[in-house]
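Here's the structure, in structure tokens; my notes come after.
What follows draws every value from the coordinates through simple rules; no lab data is involved. All of these numbers come straight from a predicted model, not from anything done at the bench. Cβ sites come from the backbone with ideal geometry, for glycine too, and all protein chains shown count toward neighbours.
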Amino acid sequence: MYKKPIIVFEGIECSGKSHHIKNVSNYLKKKKIKFIKIREPGGSQNSEIIRKLILNKKSNFDKMTDLLMYMASRNENFHHILLKNYKKKIILIDRFIDSTIAYQHYGMGVNLKIIKYINNFILRNIKVNFTFLNTVNKKNLILRLKKRKNLNRYDKFNYNFYSKVQNGFLKLSKSKKKYLIINSNLPISQNKKIIINKLKKLI
């Protein structure tokens, strides 16, 4: 399909996306395939500074401020990481464009046109080639959050918020062909096999 695709791992808190992107990274290392891995918010040096502000438990930003900080982080990644690696290496991203739409639009109610306009302005012609959407039910979300030692600001919303965000992701997945839903309520070993098998086809 794509020799050097952009592959994104999406999902709400405790859906397993970070675990699976790490597993894919280990697979690519073993195969000696060139790739880079970044997360959002975060990634480049300046983006990691922005990440600390966004996720700080004491932060209490307006929803538009939140959006613009996410976009500022993405803009830094575009100029310092994405541009020079696009179509040269496999790019793995832990949350990306659809997270902004799911969280800021479906979760917080920010105007979708504003989000799309800024995204298009920043990313220009860079497109995601494939997305793994990790989903989780209420029971497992609550259990997994309780096990986390360090909770950030986005770990402390009520379930209604996470439900709106996850439903937003599912709506996005219906409008796109290059999406695979991973049910994280199933055994993790089973999902690892599904993701690696799909990865092999992508690269």
Item to complete: Quick one: net charge around residue 185, please, counting Lys, Arg +1 and Asp, Glu -1 for every other residue with C-beta under 12 Å from its C-beta.
Response: +3
Worksheet item: With θ set to phi - 60° and the Karplus curve 6.51 cos²θ - 1.76 cosθ + 1.60, what are the ³J(HN,Hα) couplings of the range 134-146 in order, to the nearest whole Hz, using x for Gly and Pro?
Response: 9, 10, 8, 8, 4, 4, 5, 4, 5, 4, 5, 5, 5
Worksheet item: Amide H of residue 182: which non-local residues (sequence gap of 5 or more, or other chain) have their own amide H closer than 5 Å, using H built in the peptide plane?
Response: 133, 134, 135
Worksheet item: What ranking do 71, 64, 108 get, fewest neighbouring Cβ atoms within 10 angstrom at the top?
Response: 64, 108, 71
Discussion item. Could you work out how much longer the chain between residue 120 and residue 87 gets when fully extended? Use 0.36 nm per residue separation minus the Cα distance between them, nm to one decimal.
Written reply: 10.0 nm
Fill in: Estimated FRET transfer efficiency when R0 is 45 angstrom, pair residue 57-residue 3 (beta carbons, to 0.05)
0.60
Worksheet, complete the sentence: With x for Gly and Pro, the residue-by-residue ³J(HN,Hα) of the range 167-173, computed from phi through the Karplus equation 6.51 cos²θ - 1.76 cosθ + 1.60 at θ = phi - 60° and given in whole Hz, is 5, x, 4, 5, 5, 5, 5
Discussion item. What does the net charge come to around residue 55 if you take all other residues with beta carbon closer than 9 Å to its beta carbon, with K and R at +1 and D and E at -1?
Written reply: +3
Worksheet item: From the phi of every residue in the range 74-88, what ³J(HN,Hα) in whole Hz does the Karplus formula 6.51 cos²θ - 1.76 cosθ + 1.60 yield, where θ is phi - 60° and glycine or proline is x?
Response: 5, 4, 4, 5, 4, 6, 9, 10, 5, 4, 7, 10, 4, 6, 10
Worksheet item: Which of 48, 76 comes first, and how do the rest follow, when ranked by fewest Cβ neighbours within 10 Å?
Response: 48, 76
Discussion item. Multiplying the sequence separation of residue 202 and residue 188 by 0.36 nm and subtracting their Cα-Cα distance, what value in nm do you get?
Written reply: 2.9 nm
Worksheet entry | Label-point separation in nm, residue 153 to residue 138, each point 7 Å along Cα→Cβ | 2.7 nm
Response to the item:
Restricting to Cα pairs under 8 Å and 6 or more apart, the percent relative contact order of the range 6-202 works out to 34 percent
Item to complete: Distance check, please: which entries in 31/149; 17/164; 32/84; 32/87; 88/174; 17/127 exceed 25 angstrom between their Cα atoms?
Response: 31/149; 88/174
Worksheet item: By count of other Cβ within 10 Å, fewest leading, how are 117, 154 ordered?
Response: 117, 154
Worksheet item: Considering amide H positions built from the backbone, and no H for Pro or chain starts, which residues 5 or more places from residue 39, or on another chain, come under 5 Å of its amide H?
Response: 94
Worksheet item: Going highest first, how would you order 15-26, 32-43 by mean Cβ packing within 10 Å?
Response: 15-26, 32-43
